[in-house]
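Q: Structure incoming, see below.
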Amino acid sequence: MDKKLLKYWKNCLLDAERRSRSLKKEARVTLRIGDKVPEFILRKDIPLLFPKGKQKTDDEKRKIQIAPCVFLPEYENGWASGQNTPEYPFLISATLLPDGTFQVCDNKSERIPVFVRKFLSPNACNDRTIASLSNVDRLLSEFDIEETDWKIYWSACEKLFQDATGLTFREMNYADKPEIIVVKAPGRGMAQKIINLYDKLLESKSSHPLLELLIRKKLETLLPVPDRQQVYCNKDHWAQMSGEFPLSVSQRETLAMYTDPDCSDIFAVNGPPGTGKTSCALKKMVETFHADKDAQILLLSYTNRAVDEICKSLASIAPAVDFIRVGSELSCDEAYRGHLIENELSSCNRRSEVYERIRNCRIIVGTVAAISGKPELFRLKHFDVAIIDEATQILEPQLLGILCARGEDGKDAIDKFVLIGDHKQLPAVVQQNTEQSAIYDESLLSIGLTNLKDSLFERLYRNCTATVHRSYDMLCRQGRMHPEVALFANRAFYGGRLIPVGLPHQIESSDTICRLAFYPSVPEKAGASAKINYSEARIVADLAARIYEDHQTDFDESRTLGIITPYRSQIALIKKEIESLGIPALNRILVDTVERFQGSERDVIIYSFCVNYPYQLKFLSNLTEEEGVLIDRKLNVALTRARKQMFITGVPELLERNPLYKSLLKLIESF
């Protein structure tokens, strides 16, 4: 018997039992007792929870639930979480005695605390996360349900919560006046009995004919990529968001929205760091479109390095797909030079053979510049879709030729466009400042074109988010950073919407490893170059040596460590300090600017701010604003390159003059 569907049903029921409760709307008693263990409520408060008209007798035991912690609408630094009311992610069941004291539940199954399912990953893209479902289930399976002493039981519940989330009840509560909420327990239905039945069936090795009949062939309807109805109608069925499905829920939603026939001709996908813009979302889109045997696909990006990444994704598709890359050998990774158009056409002797080869190849890849320089391509074939990666680095004029391309019949050469990017990371490089590139023409302002420095992606994204429009979506599940490494960028720049996928390195314990640290430096003496800092160079070199020592057996210069700093002079100084260590492997690590690191990742990143004077702060940032929130795109990119550890060095007295840097240092201090 294939038990996959049976397990899915059981998980759905478990999730229903762990549903969220809106305690703000319920009759409740609030206890403000600090760090003390709650032991009772006043007898006069009992009727608030159990009105006398609804009680059988005055001496009966009553079932209650206690919420010992609260998810606040705002974090400690004032960043909005996306919710405007408190939420309660953890509930403890108890028995209320007639005198108002608390007692451990008589029913052992009710002694297991409830982690509300919507706060456990994998979850919906707009929900906050406190822990992973797999870790919580493991901890709950080990929880002692034999304990009957109330104080010991309460301490065990808090330890369980701390093991799962890394926080105490007090730490996830109001800072000045922590509160504990007591409410009437909800009625329980048949779910637990059915769950017990499922457990017995899952453990059973014998055949059950009726169950076989129920689940036979049903698995055929559980597609890895569900259609739009499955995604939108079943969003509360958390059990389908598991490792058995190849895409996260936000990636599946994005794919479902774009492939919807009602979608507009241009679709924007906002992909924050580590959400799999190229490796997962673009690849899955290509696979989906390529399944249509007549579909013609054009794949574009701004840089050759980004096009190499697209080729890498294409090469990983099974069964293999045929593609041609437009470009030159000098700018193409050696692994993909066989796909270059000049090599693909080298065996063609006649023009008709060239035409047939290009027409029969359904995937064409290249930079925007390379494709724009081949207008004859659009006379040879018509494309159903063009997917443009890293679209936030491409200005509108650079895309106009492709957007307006016409085929030999005078019709649009491309039916639909998908723009993939993140306007909160580094934009296109423009020499003019914001004032010089500002637009004042009323007709252009009316379509949202306010500045020539903005990309088409950014303009369309602003226009879409200003209205209810189904032409954009955001990927929210990131598989790059450990949650502690991602914490600042997630809160400050993405409203807490980034959720870890739950890969092994993201669920590693932080007990023996420092995830985020700041090492103070001193400024150079007055009159020295502003673009070097000797104390930071030495700090960076010492850290590099320690990291190499910790990873000697598995150190990979292209993956383990990277160093970011804003100036070429500081890059040279850091390389000199590292060279003096006498460790050959460290001489081959990448030490570069944040601009060169965009799109890359390392297990450990060291960031040297190299700020010696206050005036440098304004050159260090690349600021934008969204919904009143200030976003530093350079800082965002720098902080989101690290997978496991992020180390920062700078002059604290100077950095604290910048509000964002001050918030970052404050967060690091709290670790």
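Q: Please label the shape of region 417-562 as rounded, prolate or oblate, based on the square roots a ≥ b ≥ c of the eigenvalues of the alpha-carbon gyration tensor (a/c under 1.5 means rounded; beyond that, a/b larger than b/c means prolate, else oblate).
A: Oblate, because a/c is 1.5 or more while a/b does not exceed b/c.
Q: What nm value, rounded to one decimal, do you get for the distance between Ile145 and Asp294 when each label is placed 7 Å out toward the C-beta?
A: Reported label-point gap for Ile145 and Asp294 is 5.8 nm.
Q: Also, I was wondering about something else. Relative to a virtual label point 7 Å from the Cα of Glu408 in the Cα→beta-carbon direction, which members of region 363-401 show backbone nitrogen distances below 16 Å?
A: Counting backbone N atoms under 16 Å from the label point, the list is 375-383.
Q: Measure off 7 Å from each Cα along the Cα-to-Cβ vector at Leu630 and Lys200, then give the distance between these two points in nanometres to one decimal.
A: For Leu630 paired with Lys200, the spin-label model returns 6.4 nm.
Q: Shifting gears a bit: Extension gain Leu72-Lys666, at 0.36 nm per residue separation less the Cα-Cα distance, in nm?
A: 211.9 nm
Q: Mind giving me the nanometre distance, one decimal, between the label points for Asp45 and Ser558, set 7 Å out from Cα along Cα→Cβ?
A: A separation of 6.2 nm, rounded to one decimal place.
Q: Okay, next question. So if we plug the beta-carbon distance of Arg657 and Leu590 into 1/(1 + (r/R0)^6) with R0 = 25 Å, what FRET efficiency do we get, rounded to 0.05?
A: 0.25
Q: Determine, for each peptide in 130-143, 399-412, the mean count of other beta carbons within 10 angstrom over its residues, then list the peptides with the highest first.
A: Highest-to-lowest ranking by the protection proxy: 130-143, 399-412.
Q: Is region 305-352 best put as rounded, prolate or oblate by its Cα gyration tensor, with a ≥ b ≥ c the root eigenvalues, rounded for a/c under 1.5, and otherwise prolate when a/b is larger than b/c, oblate when not?
A: The shape class here is oblate.
Q: In Å and whole numbers, how far do the C-alpha atoms of region 287-420 stretch along each principal axis, longest first?
A: Principal extents (Cα only, largest first): 37, 34, 30 Å.
Q: On full extension of the chain, what length is gained from Ser109 through His551, given 0.36 nm per residue of separation minus the C-alpha to C-alpha distance?
A: That works out to 154.6 nm of additional length.
Q: Mind running the shape call on region 508-655? Use the C-alpha gyration tensor, a ≥ b ≥ c as the square roots of the eigenvalues: rounded below 1.5 for a/c, prolate if a/b tops b/c, oblate otherwise.
A: It comes out oblate by the Cα gyration axes.
Q: Subtracting the Cα-Cα distance from 0.36 nm times the residue separation, let me have the gained length for Leu581 to His505 in nm, one decimal.
A: Net length gain for the segment: 24.5 nm.
Q: If you roll a 1.4 angstrom probe over the protein chains with everything in place, what fraction of the accessible area of region 312-362 belongs to carbon and sulfur, to the nearest %? Don't jump to the answer; show the numbers that get you there.
A: Working: 1520 of 3130 Å².
Answer for region 312-362 is 49 percent, counting heavy atoms of protein chains only.
Q: Per-residue accessible area for Asp542 at 1.4 Å probe radius, Å² rounded to 10?
A: Surface open to solvent at Asp542 totals about 90 Å².
Q: Roughly speaking, to the nearest percent, how much of region 402-459's 1.4 Å accessible area is carbon and sulfur?
A: Carbon and sulfur together cover 50 percent of it.
Q: On to the next question. With a probe of 1.4 Å, find how much accessible area region 395-511 has per residue, and write the answer as a whole number in Å².
A: Values: 5490 Å² over 117 residues.
For region 395-511, the per-residue accessible area is 47 Å².
Q: Order of 91-103, 508-520, 343-355 by packing, highest average Cβ count within 10 Å first?
A: By packing density, highest mean first, the sequence is 91-103, 508-520, 343-355.
Q: Report the local net charge at Leu444: Lys and Arg +1, Asp and Glu -1, summed over other residues whose C-beta lies under 11 Å from its C-beta.
A: Net local charge, Leu444 excluded: -2.
Q: For a Förster distance of 51 Å, can you work out the FRET efficiency between the beta-carbons of Glu435 and Glu60, rounded to the nearest 0.05?
A: 0.10
Q: So what J values fall out for region 98-112 if you push phi through Karplus, 6.51 cos²θ - 1.76 cosθ + 1.60 with θ = phi - 60°, rounded to Hz, Gly and Pro as x?
A: x, 8, x, 7, 9, 9, 5, 4, 5, 6, 4, 5, 7, 7, 7
Q: Taking a probe of 1.4 Å, how large is the accessible area per residue of region 520-661, in Å²?
A: With the other protein chains kept in place, region 520-661 gives 45 Å² per residue.
The values are calculated or read from the model by the stated rules, or taken from the named source; none is laboratory data. Keep in mind that what you see is a predicted model, and the values were worked out from it rather than measured. Note that we place each Cβ from the backbone using ideal geometry, even for glycine, and neighbour counts take in every protein chain shown. For the accessible areas, the whole protein counts, side chains as well, though only heavy atoms, and no ligand, DNA or RNA atoms are used. Shrake-Rupley method; radii C 1.70, N 1.55, O 1.52, S 1.80 Å.
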